[in-house]
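A short worksheet on the structure shown next.
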Amino acid sequence: MKGNRLLKDYGLPLAAGVIVGVAALILTAMGNPKNMGFCIACFERDIAGALGLHSAAVVQYIRPEIIGMVLGAMIAAVAFKEFKAKAGSSPAVRFILGAFVMIGALVFLGCPLRMVIRLGGGDLTAVAALAGFIAGILVGIVFLKKGFSLGRAYPGRTAGGFALPGFMVLLLALLLFTPSLLKFSESGPGSLRAPLAIALIAGLVVGFIAQRSRLCMAGGMRDVFLLKDFTLLTGFLAIWVTVTIGNLILDSYKLSALSQPVAHSQYLWSFLGMALVGWGSILLGGCPLRQLILAGEGNGDSGVTIFGMIFGAAIAHNFGLAGSADSVVDGVYKVGGIKTPGMVAVGIGFIVLLVISLTHLPKKGD
């Protein structure tokens, strides 16, 4: 009886984690950047570049994985009668939070999902990011306990719920039929990509299973600290284990804190960048992955958050806020990391999140 209960509670998140991990390994093997496979922040940044919102030539491409994830979540939500158009929960604030979550992620060079995938490749630079992510979540939980809320969302017209999925269909149409209107990287991470059909199918599968399992790393850690509930977190632990085993089998596991692909060794700023992501994700009610899934379910506020993240990516690369990877030039190891503008942006991000956290607490007498 107890075994059946455990299978019911943990079976779907564990299966989802294995599927996401396998998909990440396949995408990497088929051409995506190493230790990546999936990265919500990196891929949304690439989309911003492909649309000409920033001029960083090495990170420009319409990533089919993002399109597939939103559409896969929409298909699952419609099929299981969970698609509900709603919006109105502080959309402007969510846009700002989305922008700073993106800036924090690009300081680290990855979202929470890629952080786990990097750990699964032996990338020890991601350990500092994990510690920062947990620290940010704990700060967010403090405000949740004090009653923080961005307000409730209200039911809207069904057509409004399809706004972000419709935008994703438009991006796919541009990619398929009018690629000359877009920008494509010829070198760097943006030029490393799996075949379009495989990337799109992987996104659809991951979006579908993430919708059914409610995958969310920020939500999973929140539930552990608040409720002692490990259900959601097991999905990300499964991703970690799956990617680790896969990399060991493929002889691509490299346990090191140096010379990792698309990573830097400024550990303090990895910590602080992901602390910003963790705190912002708690205030938003979900990590970047979860925002895509919620938008696919018809949540217009999550759609606004995603547009905020795309805007944040444009700001990060137009103003030199994003981190740069370590590299080896002529046999000399060159440390990448964050420049002064990025450091200032992270500091401003913490101030903005603190103001939002304090101003959305219940007033006396409420």
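Take the conditions (1) modelled with pLDDT under 95; (2) closer than 23 Å to ALA275 by Cα; (3) surrounded by fewer than 17 Cβ atoms within 10 Å (Cβ to Cβ); LYS2 misses just one of them, which is (2). Of the residues making up the range 252-274, those that are surrounded by fewer than 22 Cβ atoms within 10 Å (Cβ to Cβ) and among the small types (Gly, Ala, Ser) are SER252, SER256, ALA257, SER259, SER265. Every test in (1) open to solvent by 10 Å² or more (accessible area, probe 1.4 Å); (2) assigned to a loop (DSSP other than H, G, I, E, B) is passed by LEU71 save one, and that test is (2). What pairs can you find where one residue is in the range 108-136 and over 19 Å from GLU65 (Cβ atoms), the other is open to solvent by less than 10 Å² (accessible area, probe 1.4 Å) and at pLDDT below 95, and their Cβ atoms are less than 6 Å apart, with a gap of 6+ or different chains? Between residues of the range 108-136 that are over 19 Å from GLU65 (Cβ atoms) and residues that are open to solvent by less than 10 Å² (accessible area, probe 1.4 Å) and at pLDDT below 95, the close pairs are ASP123/ALA263; THR125/ALA263. Scanning the range 324-342 for residues that are in contact with a strand residue (DSSP E or B) (Cβ under 6 Å, 6 or more places away or on another chain) and either loosely packed, with under 11 Cβ neighbours inside 10 Å or in a loop (DSSP other than H, G, I, E, B) (or both) returns a single hit, GLY336. Checking the range 57-66 against the condition returns a match, with at least one residue being open to solvent by 10 Å² or more (accessible area, probe 1.4 Å) and under 19 Å from GLY308 (Cα atoms). Residues considered: SER357, SER327, SER302. Of these, the only one that is among the polar types (S, T, N, Q) and at pLDDT below 95 is SER327.
Residues in the range 114-157 that are outside any loop (DSSP other than H, G, I, E, B), among the charged types (D, E, K, R) and either in contact with a Ser or Thr (Cβ under 9 Å, 6 or more places away or on another chain) or crowded, with 18+ Cβ neighbours inside 10 Å (or both): 3 in all.
Restricting ILE310, ILE306, ILE351 to residues that are open to solvent by 80 Å² or more (accessible area, probe 1.4 Å) and closer than 19 Å to ALA92 by Cα narrows the list to ILE351.
So which of ALA77, ALA16, ALA92 ends up being surrounded by fewer than 23 Cβ atoms within 10 Å (Cβ to Cβ), at pLDDT 95 or above and not aromatic (Phe, Trp, Tyr)? Quick ask: steps written out before the conclusion?
On the way: ALA77 fails: surrounded by fewer than 23 Cβ atoms within 10 Å (Cβ to Cβ); ALA16 fails: surrounded by fewer than 23 Cβ atoms within 10 Å (Cβ to Cβ).
Result of the check over ALA77, ALA16, ALA92: ALA92.
Each residue in the range 19-35 was checked for being farther than 13 Å from PHE236 by Cβ, crowded, with 20+ Cβ neighbours inside 10 Å and of a type in the set (A, V, I, L, M), and 3 pass.
Restricting the first member to the range 80-93 and to residues that are closer than 15 Å to ALA295 by Cβ, and the second to residues that are in a loop (DSSP other than H, G, I, E, B) and of a type in the set (S, T, N, Q), the beta-carbon pairs closer than 9 Å and six or more apart or on different chains are SER89/SER149.
Looking at the range 36-47, is at least one residue open to solvent by less than 10 Å² (accessible area, probe 1.4 Å), closer than 16 Å to GLU186 by Cα and assigned to a loop (DSSP other than H, G, I, E, B)? No, the range 36-47 has no match at all.
The values are calculated or read from the model by the stated rules, or taken from the named source; none is laboratory data. In this text the structure is predicted, and so the values were computed from the model without any measurement. Cβ sites come from the backbone with ideal geometry, for glycine too, and all protein chains shown count toward neighbours. When the accessible area is computed, the model is the full protein with side chains, heavy atoms only, and any ligands, DNA or RNA have been set aside. Shrake-Rupley method; radii C 1.70, N 1.55, O 1.52, S 1.80 Å.
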